[in-house]
Amino acid sequence: MTVKVAAIQMCSGVDPQRNADAMARLVRDAAAKGAVYVQTPEMTGALQKNRTELRAILRNAENDIIVSRAAELARDLKIHVHVGSTAIARDDDKIANRGFLFGPDGARICSYDKIHMFDVDLDNGESWRESAAYQPGSEARVTDLGFANLGFAICYDVRFPQLFRAEAVAGAEILTVPAAFTRQTGEAHWEILLRARAIENGAFLVAAAQGGVHEDGRETYGHSMIIDPWGRVLASAGGAGEAVVMAELDIAAVKAARAKIPNLKNARDFTLAQSQAVAPAGGEAA
């Protein structure tokens with residue numbers, strides 16, 4: 001069975017209304033070109049590194065404009081719309097970096113909270129502490145779309161292969177990595193990490209990204225991609241600005257790849273032993 005999917009590249013600003021309008025325009029474009037599943041990037045609703053200003057625009061899921069607009073788009077276009085993520089207000093004063101999947105009837109199928117927090121210090125002076133404001137998720141998720149099983153992840157999650165392996169073992173045939181990668185880490189690692197996750201799990205991978213210089217001053221890497229189970233890049237966007245990246249997926253290719261290299265079946269449990277050199281009698285260890 002072949003299906004057409006799309007990854008939407010955006011350069012989200014600080015205004016959720018403008019970002020919702022941009023998302024709608026790009027999703028409609030993808031649907032008009034035949035996509036039945038459309039994914040948006042991480043933080044579709046707003047990229048705002050000022051936490052005070054971010055909290056001022058936060059809403060819960062029931063009142064968030066990105067969530068409601070995505071549901072409308074899915075229903076109107078009769079497609080699956082996957083909001084890669086957007087910032088959602090929680091009851092405990094923390095923020096959720098949450099993705100949402102809507103079905104062709106507009107109903108919310110499921111949501112996913114980013115598990116791994118981006119707490120890093122980069123060579124160029126960039127320092128990020130996502131855990132200072134965001135509550136990490138604790139549940140991986142695989143969902144049946146009817147034509148394929150979809151596994152969820154968000155951005156920094158891509159550096160934790162055990163998440164993707166668990167989803168593949170649970171039946172995921174399409175893995176997802178909506179992201180807002182920094183330019184520095186993107187140039188170094190984006191494509192190689194995405195291709196590795198696809199190859200080692202014998203799965204398609206769809207990664208919609210933020211790309212460009214944003215209103216809050218940060219710069220994201222872009223290069224939204226769709227990758228096949230053999231690690232081949234089927235489609236890719238440039239480094240900055242809006243784009244609609246599309247590819248036709250033959251879901252049978254997942255079964256074929258996993259039959260050729262059945263590493264999911266061949267995996268074995270093991271123990272880890274640590275050894276220490278012992279100095280010979282009367283002397284020091286070499």
Evaluate the range 253-271: report whether one residue or more is closer than 17 Å to residue 11 by Cβ and either assigned to a loop (DSSP other than H, G, I, E, B) or open to solvent by 70 Å² or more (accessible area, probe 1.4 Å) (or both).
-> no
Can you give me the number of residues within the range 171-184 that are of a type outside the set (A, V, I, L, M, F, W, C) and either open to solvent by less than 20 Å² (accessible area, probe 1.4 Å) or on the phi > 0 side of the Ramachandran plot (or both)?
-> 4
Those residues of the range 78-94 which are under 22 Å from residue 131 (Cβ atoms) and either among the charged types (D, E, K, R) or surrounded by fewer than 19 Cβ atoms within 10 Å (Cβ to Cβ) (or both) amount to 89, 90, 91, 92, 93, 94
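Considering each residue of the range 206-252, count those that are in a loop (DSSP other than H, G, I, E, B), farther than 13 Å from residue 181 by Cβ and in contact with a Ser or Thr (Cβ under 8 Å, 6 or more places away or on another chain), and give that number. Break it down stepwise before answering.
Going residue by residue through the range 206-252, those that are in a loop (DSSP other than H, G, I, E, B) are 208, 214-218, 222-224, 228-232, 237-242, 251.
Imposing the further condition that a residue be farther than 13 Å from residue 181 by Cβ reduces the set to 215-217, 228-232, 238, 241-242, 251.
Add one more test, that the residue is in contact with a Ser or Thr (Cβ under 8 Å, 6 or more places away or on another chain), and what stays is 251.
Result for the range 206-252: 1.
If I filter the range 27-41 down to residues being over 15 Å from the mean Cα position of the chain (by Cα) and open to solvent by less than 10 Å² (accessible area, probe 1.4 Å), which single residue comes out as farthest from residue 256 (Cα to Cα)? Lay out the reasoning, then the answer.
Of all residues in the range 27-41, those over 15 Å from the mean Cα position of the chain (by Cα) come to 27-36.
Restricting the remaining residues to those that are open to solvent by less than 10 Å² (accessible area, probe 1.4 Å) gives 27, 30, 35.
Values: 27: 31, 30: 28, 35: 24 Å.
Once the filter is applied, the top-ranked residue is 27.
Restricting attention to the range 194-218, report how many residues are surrounded by fewer than 19 Cβ atoms within 10 Å (Cβ to Cβ) and free of Cβ contacts under 8 Å to residues at least 60 places away in the same chain.
Within the range 194-218, the subset surrounded by fewer than 19 Cβ atoms within 10 Å (Cβ to Cβ) is 195-196, 200, 213, 215-218.
With the extra rule that they be free of Cβ contacts under 8 Å to residues at least 60 places away in the same chain, the set shrinks to 195-196.
Counting residues in the range 194-218 that are surrounded by fewer than 19 Cβ atoms within 10 Å (Cβ to Cβ) and free of Cβ contacts under 8 Å to residues at least 60 places away in the same chain gives 2.
Among 52, 44, which is the only one that is within 26 Å of residue 212 (Cα to Cα), open to solvent by 10 Å² or more (accessible area, probe 1.4 Å) and among the hydroxyl-bearing types (Ser, Thr, Tyr)?
After applying the criteria, what remains is 52.
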Any residue in the range 7-23 that's part of a helix (DSSP H, G or I): show its pairings with residues that are among the acidic types (Asp, Glu) and open to solvent by 10 Å² or more (accessible area, probe 1.4 Å) at Cβ separation under 8 Å, as long as the two are six or more apart or on different chains.
-> 16/64; 22/242
Any residue at all in the range 112-124 that is surrounded by fewer than 17 Cβ atoms within 10 Å (Cβ to Cβ), touching a Ser or Thr at 6+ places or on another chain (Cβ under 8 Å) and assigned to a loop (DSSP other than H, G, I, E, B)?
-> yes
Only one of 75, 59 is modelled with pLDDT of 95 or more, open to solvent by 60 Å² or more (accessible area, probe 1.4 Å) and within 24 Å of residue 132 (Cβ to Cβ), namely 59
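The values are calculated or read from the model by the stated rules, or taken from the named source; none is laboratory data. What you see is a predicted model; the values in this text were computed from it and never measured. Note that each Cβ is placed from the backbone with ideal geometry, even for glycine, and that neighbours are counted across all protein chains shown. Areas reflect the complete protein model, heavy atoms only, side chains present, ligands, DNA and RNA absent. Shrake-Rupley method; radii C 1.70, N 1.55, O 1.52, S 1.80 Å.
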